[in-house]
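What follows is a short report on a single structure.
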């Protein structure tokens, strides 16, 4: 949530959990009683969602040391999700975060354990992490490893990708059919739009003192490259994503709870 512009972040993430310690940064129109864990989960339920996703993320780069929820807040989310019959997912991509998620009895952990914290410099897999992974198995917690992130977007430019046998073995038939429908191809169309004017990393290298928008020259997307800049070979996908609205949510969408600030 903190990565969104301050002027719109609360509109982008309406199901945030009100943190009294951050009250000075929350617009006055948002009332604490409307953003308790129970109220947020109920709102997610009424939207037609089948699961709710919360986050334990301390941030990185310029947005590090973000506030995170405590065990008491996660316990409230867990209780509300169970009461409303929703699957509880947790964005947790590090050792600390996944340990927190496991202790909070979430149903699914999203992302691999990319950050080990104080264990980062260990040359082998530490016993502490082995024990945590064993506990995830013991509790039968679902695990989304997110093996590919940005590189995985190349699949949108591969017309044969959804025909791979392995894909049909792990993806429901109805979802595969949706991915191949016009509605299901919305994100690929975003990535494929090479005419959008964006502020590009070439701008910072070549026009550091210029505040004008710059239009990169894009090579035609291919199965191997996707849509990339011919000048610096980077992808404008994230800029496109920030500028275009997402489609209206459906039952297959996940609604998220963020810790508000």
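For the reader, a short list of remarks on this structure follows.
- Residue among 90, 81 that is outside any helix (DSSP H, G or I), buried (at least 17 other Cβ atoms within 10 Å of the Cβ) and in contact with a helix residue (DSSP H, G or I) (Cβ under 9 Å, 6 or more places away or on another chain): 90
- Any hit, segment 163-186, residues being under 29 Å from residue 90 (Cα atoms), at pLDDT below 80 and touching a helix residue (DSSP H, G or I) at 6+ places or on another chain (Cβ under 8 Å): no
- Of all residues in segment 44-57, none satisfies the criterion of being in contact with a helix residue (DSSP H, G or I) (Cβ under 9 Å, 6 or more places away or on another chain) and either loosely packed, with under 15 Cβ neighbours inside 10 Å or modelled with pLDDT under 90 (or both).
- Taken over segment 143-174, the criterion of being surrounded by 12 or more Cβ atoms within 10 Å (Cβ to Cβ) and in contact (Cβ under 8 Å) with a residue 12 or more places away in the chain is satisfied by 143, 144, 146, 153, 154, 156, 157, 158, 162.
- Considering segment 15-29, the residues that are surrounded by fewer than 18 Cβ atoms within 10 Å (Cβ to Cβ) and in contact (Cβ under 8 Å) with a residue 24 or more places away in the chain include one that is farthest from residue 108 (Cα to Cα), namely 25.
- Within segment 59-78, being assigned to a loop (DSSP other than H, G, I, E, B), closer than 21 Å to residue 40 by Cβ and in contact with a strand residue (DSSP E or B) (Cβ under 7 Å, 6 or more places away or on another chain) holds for 66, 67, 68, 69.
The values are calculated or read from the model by the stated rules, or taken from the named source; none is laboratory data. Fair warning: this is a prediction, and the values are worked out from it, not measured in the lab. Backbone-built Cβ (ideal geometry, glycine too); neighbour counts: all protein chains shown.
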